[in-house]
Structure formats: C-alpha cells, structure tokens
Amino acid sequence: MRKQILALTALVALGANAQEYNKWSVDVNFGANKPTVGFTSGYATKTPSFWTLNGGVRYMFNNKFGLRLGGGYDKFVEGKKSPKFNSNIWNVNLQGVANLGRVLSFEDWTRDLGLLVHAGFGIGQLKGDYIKKADNIGFLTAGVTPQVRLSNRVSLLLDGSVYLYAKQNRTFDGKSETTRRGFQGTNFTGTIGLQVALGRNLVHADWFSQATVNNELSERVAKAENSVAELAKRLENKEDKMVDTNSNRVPDEVENYINEKYGSLAANQSSTPSEAPASYSGQSARELIEKGYINVYFDFNSSEPQKSSLWAVDFVANYLKQNSGVSVKVLGYADEKGSADYNQKLSSKRAEVIKKLLVDRGINASQLSFEGKGEDKTVNANSANARQLARRATFELK
C-alpha cells in the first residue's frame, strides 16, 4: 500500500512538471479617479473621486507578453468648491500587456511579487445631467500594475493608469463644450482588485519560470510525502491495534469472532500461551484450518503478508508443533486483476513466502509444501473488498 501511494505521488508530481502555465485570466478592480483637464471653469471633482470600476479578460502569448480586453466605468461628481454636476464614462478598451516581473527576472529574489505594464486604446461614452446626447469619445491609456501572488490562481492587483481622451465634445462636468485641441481630457485612476487564473496548469504565465515551477513541485512533493508518511503511520498503528489481551496468540478481534461462532475460546484452550487450542466448543483447530477460517492476506500486487494476518501463521505453526505427524500444503491465490500467467506466479510466490515463514517459526521443512493456485474466480472481480479476500494463502492439512 505504501509503495503504491508513493508511486502515485511521483506520477502526480511528474504530471504537474509536464505542464506549462495558464494563459487566460480574468480580473475585477475598484478604486478612485481624478480627472484634471477637461472641465468648465470653476468645476472640479473630489480628490479622490469614487467610483471607478473595471474588469477584463487577459490572454498571454507567453510568460512575458499578452493582450487584455477590458471595460470600465468612471463616475464624476462635484467637489466641495464646485457647482453640482453628475456625469460618468463607460468604456471598452484593448491593451497590450508586458510582464516586467519575468522580463527583469523577479523570480531570482521573490516568488510572490510581480509587475505589469500596459498600454492601448479604447472608445467610450460620456453621459451626465447636462449632456442631452451621449458624447462618443476615443482615448489612449497606459498604466502600471504591481502584483501580489496570494495563491497559484489568485493575485492581488494594484493599478495606476492615465487616460487621454480625444474627440471629446463635452467637458467632464457636461456643462460646456471643449475648446482644447488634441487631447481634450485627462483622467488618472487608482484601483485595487483581484485576478483569477483560468486553466488546469500549475501556475499562471505571470508567475511562470522554471525556478518557480521547480520550487512549487518540490513543495508539493514534500507535502505529499508527509501525507503518505502520516497515512502509513496510521495504517501501521491500526495493524498494531490487533492486540492479544489474554496472550493466547490469537488477536482479540479474531477471538471474538470465533467465540461468537463456536463458543468461548478461553474455556477450551490450554492455559499455556504457546500451545494451540485443541478444540473450540466442538470445533477443533484442524477443522478451523481445513474449513478456511485461518488465512493470511496480502495487499494488491504484493507477496508480503499483511501484519494483521501474521497471527494465522503463528496459529498453524503452533498446531504443527503439537502434531509432528501432520504436514501442510500452503496454497496461494491471487485476484483476477492482471494476466493469468502473472497471477499464477504471484500466487506461487505468496505460498512460498508463507512456507518460509513457517520454517522460520520453527517448523520442520519436511512437514511443508506449497502450491500456487492462480486466480481465485469464486469472488466478484468487480468488488474491491471481494478481491481483497481473494489475495490470500490458505492451508491444506495432510
């Protein structure tokens, strides 16, 4: 079991290492704005002026350059010394994005800080209380976006951008027409938001570098190994809990089962712990062995007996020591997973291992033989629990 889990962990790590990075992401941001040029004389907004909202979808061609399609909303209201007004701009924009964090190799000194720069163009509409017909405008924009990685998928964004509006017919307050040539309005925004990476890979392009991926994989493998070690420890503790309270060499769980089926084991067993009981309320030790109540079980694809099954070997060994004229053939079985030829060899190996264990326990080798019976087809091959029962060694007395 432990080897299988470790193998699975290694495969997962190798699978993750084969991936590259997520190229798509979405982001949502909130903040404030401060338009500086493009007002009627005497009109101005608060400092800072809420609300600014924007969001977008970004695609990275590689871990350094990409494109972002976004949209935004800016609300303008009067400041303390300004006449009242209420206006807003809706916009859509397309921007090129450069990941300076990768260009400048930030990964050499940090894994969690990044820096993007972006620039592009867009169109929008200026609307307001004093604007009868929406003013269609165009603009250029550029900005800087520091990043903080919160996880492999989520990043905190801090952005500062400037918008230069062209073909703007009305001032931001809407009270009058613009008189400037070229760019009629200028607006600065500052926002904070979250970006979520889309995709199945380990990291987003913003954070991808071979050094970063290697560190991530090393951490994941270490965590997986710790989990496997903890699981193995728990399994071993569970096996160790097969206690033998009365020292009669039969685990309490098995003894309770036998007592329930055949009466009290203690009432029919010799007081000497090393002696196998002669009978259990009419059921002799020989009958229990021959009827298949005494078995040794194995994990999948393994010829090493489960620790919780070793009592059965001890049970048979004690019986043979008290009956030197009896011989036993160990019969090994496998489940139906795998080829018939492989399962034949595995079942034979399991039987051979138990035979050797009996010899190591002090049984004369002349009393022992073994045989591999191959696949046990008496169980439901689609049931994991039934297949576990098939992976066993039984004993045939002669």
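Just so you know, all these numbers are worked out from the coordinates, no wet-lab data involved. What you see is a predicted model, and the numbers here were worked out from it, not measured in a lab. Counting neighbours? That spans all protein chains shown, and the Cβs are built from the backbone with ideal geometry, glycine included.
Quick notes
- Packing order of peptides 47-55, 69-77, highest average first: 69-77, 47-55 (average count of other Cβ atoms within 10 Å over each peptide's residues).
- At an R0 of 45 angstrom, the distance between the Cβ atoms of residue 132 and residue 108 translates into a FRET efficiency of 0.20.
- Counting charges near residue 57 (Lys, Arg +1; Asp, Glu -1) among other residues having Cβ under 14 Å from its Cβ returns a value of +2.
- Restraint check, 127/167; 291/356; 291/398; 321/355; 46/75, Cα-Cα greater than 19 Å: 291/356
- Per-pair calculated FRET efficiency, R0 = 45 Å: residue 223 and residue 361 via Cβ, rounded to 0.05: 0.65
- The stretch 115-207 shape via C-alpha gyration tensor axes, a/c threshold 1.5: prolate
- 9 Å beta-carbon shell around residue 97, net charge (K/R +1, D/E -1): +2
- Likely footprinting exposure, 355, 373, fewest C-beta neighbours within 10 Å first: 373, 355
- Taking a Cβ cut-off of under 11 Å around residue 349, the surrounding Lys, Arg, Asp and Glu residues balance to a net charge of +2, with basic ones at +1 and acidic ones at -1.
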